[in-house]
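Heads up, the thing below is written out as structure tokens.
The values are calculated or read from the model by the stated rules, or taken from the named source; none is laboratory data. It should be emphasised that the depicted structure is a prediction, and the values quoted were computed from it without experimental measurement. In this analysis, Cβ positions are derived from the backbone assuming ideal geometry, glycine residues included, and neighbour counts consider all displayed protein chains.
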């Protein structure tokens, strides 16, 4: 029971600290920009507290989704090792903060905001949980043992095993990121994947390109390998775990059609709604002449499109109320240029 209660405390404190870090980081990072824009003297400059709101509403969900499990595992190890020194927690939160904000060494304001926020949060965690690490066993031993406590102890070990399992997934994905970045960069695949506005392909996109190198790898299993017009509509959403994989697969499938005219039917086959002003018949024409078709998906009504498994992961993906996919074609509508997924949160 004591282990379970302690794990619950560490989990809740970690979640609190991640949310506070997101808000504090956004606030600190907004200060120099706020003053550069005229501060209080500029009536068009939004109040600084908006940065706190932005951090809690928009930053925190992503940090919680990507960082909670790895941090919990590291902090659980610190608990097991009876780590009570604040400097250890400072190091943990500094590394976590730098990873979360992207090691922005070239942006001095962002780096300073990260370091200050991480230092403050490390002290908060130390006060709430760190300095009492491993101080509970002797108190618990003074109590009379019973079957109920033993059962709860086993439950605590199950929770630890689950955290370890989740961490193994993060480590595996991290290994793939390292592989495509340092060891072997993948080819563009078929059809050749392109990032938006011809930007450099990110490491996570490269991993998705390796996992989904062609249209067939994005489709549900079937008896035939022939890529007919209807077959290309059978995207295997169960195999999609993140936005990069979704974008790569949608690019592979939509790009396999001859032109933009097939886009509306394809989106509708996936359960998306296509506005008339952004359809294949009437694509939105950008200032550069490119043609865009947009698929809209209501997360509020239908639940997240992906991932299709995992209660916690689906819960995080349920935070936005809608998802949209922009598919942009060339001026003549013959070549798919890129696919972008975005979300509506407020």
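Answer yes if at least one residue in segment 219-228 is assigned by TED's automatic domain parsing to the domain that holds residue 272, more than 24 Å from residue 312 (Cβ to Cβ) and touching a strand residue (DSSP E or B) at 6+ places or on another chain (Cβ under 7 Å), and no otherwise. Checked segment 219-228: at least one residue is assigned by TED's automatic domain parsing to the domain that holds residue 272, more than 24 Å from residue 312 (Cβ to Cβ) and touching a strand residue (DSSP E or B) at 6+ places or on another chain (Cβ under 7 Å). Among the residues of segment 100-118, those identified as loosely packed, with under 15 Cβ neighbours inside 10 Å and either touching a helix residue (DSSP H, G or I) at 6+ places or on another chain (Cβ under 6 Å) or more than 12 Å from residue 25 (Cβ to Cβ) (or both) are 103, 105, 106, 107, 108. Just so you know, in segment 332-346 the residues that are within 21 Å of the chain's Cα centre (by Cα) and not in a loop (DSSP other than H, G, I, E, B) include one that is nearest to residue 250 (Cα to Cα), and it is 339.
Of all the listed residues (151, 171, 167), the sole one being within 15 Å of residue 70 (Cβ to Cβ), modelled with pLDDT under 75 and not in a loop (DSSP other than H, G, I, E, B) is 167. Among the residues of segment 33-48, is any in a helix (DSSP H, G or I) and modelled with pLDDT of 80 or more? Among the residues of segment 33-48, not one is in a helix (DSSP H, G or I) and modelled with pLDDT of 80 or more, which makes the answer no. Do we have residue 102 as under 22 Å from the mean Cα position of the chain (by Cα) and in the same structural domain as residue 32 (by TED's automatic domain parsing) here? Yes; evaluated as a whole, the condition is true for this residue.
Can you find a residue that is closer than 16 Å to residue 80 by Cα and either outside any helix (DSSP H, G or I) or modelled with pLDDT of 70 or more (or both) anywhere in segment 139-148? There is no residue in segment 139-148 that is closer than 16 Å to residue 80 by Cα and either outside any helix (DSSP H, G or I) or modelled with pLDDT of 70 or more (or both). Residues considered: 51, 82, 91, 117. Of these, the only one that is closer than 13 Å to residue 22 by Cα and either at pLDDT 90 or above or part of a loop (DSSP other than H, G, I, E, B) (or both) is 117.
Restricting attention to segment 193-220 and to residues that are in contact (Cβ under 8 Å) with a residue 12 or more places away in the chain and assigned to a loop (DSSP other than H, G, I, E, B), the residue that is surrounded by the fewest Cβ atoms within 10 Å (Cβ to Cβ) turns out to be 220. Taking only pairs six or more apart or across chains, which ones have beta-carbon atoms under 8 Å, a first residue in segment 158-172 that is in the same structural domain as residue 63 (by TED's automatic domain parsing) and surrounded by 14 or more Cβ atoms within 10 Å (Cβ to Cβ), and a second residue that is part of a helix (DSSP H, G or I) and at pLDDT below 75? From segment 158-172, the pairs are 159/4.
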